[in-house]
Amino acid sequence: MDSTFDETSLMKLKRQLSRKSKDGKEWYRWDFTIPPEMIEKLSWKDGDEFDCKVVGKKLVIEKIL
């Protein structure tokens, strides 16, 4: 399997309510949905752990080996 590819996919950032306190304070989490084809090409599996960092205006996500 070639470890480099030039495929792109449009993804949207989604905000979801995570919890709400009795006094009305809300906490949110943020999610992306990554297309299954990209997950397969990266050999990522459910339960894998990742590091992420901001580089300039990009979010870099790397699987912890």
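Nothing in this text is a laboratory measurement; each read-out follows from the coordinates by a stated rule. The structure presented is a predicted model; accordingly, all values stated were derived computationally and were not measured. Glycine gets a Cβ as well: all are built from the backbone with ideal geometry, and neighbour counts include every protein chain shown.
Remarks
- Highest-fluctuation residue, Lys53, Lys14, Lys22 considered, GNM on the chain with Cα pairs under 10 Å: Lys22
- Ellipticity estimate at 222 nm from DSSP helix runs (n ≥ 4, -39,500 (n - 2.57)) divided over the chain, nearest 500: -2500 deg cm²/dmol
- Placing unit charges on each Cβ (+1 for Lys and Arg, -1 for Asp and Glu) gives the chain a dipole about its Cα centre, and among Ser18, Phe50, Ile39 the Cα reaching farthest toward its positive end belongs to Ser18.
- Residues whose placed amide H lies under 5 Å from that of Ile34, excluding near-sequence neighbours: none
- Listed residues Asp48, Asp23, Asp31, most fluctuating in the chain (Gaussian network, C-alpha, under 10 Å): Asp23
- All lysines inside 26 Å of Lys41 as judged from Cα atoms, apart from same-chain residues fewer than 8 positions distant: Lys12, Lys14, Lys53, Lys57, Lys58, Lys63
- Counted without the sites themselves, the longest stretch of the chain free of GluC sites (Glu not before Pro) in a DSSP loop having at most 12 other beta carbon atoms within 10 Å is 8-48.
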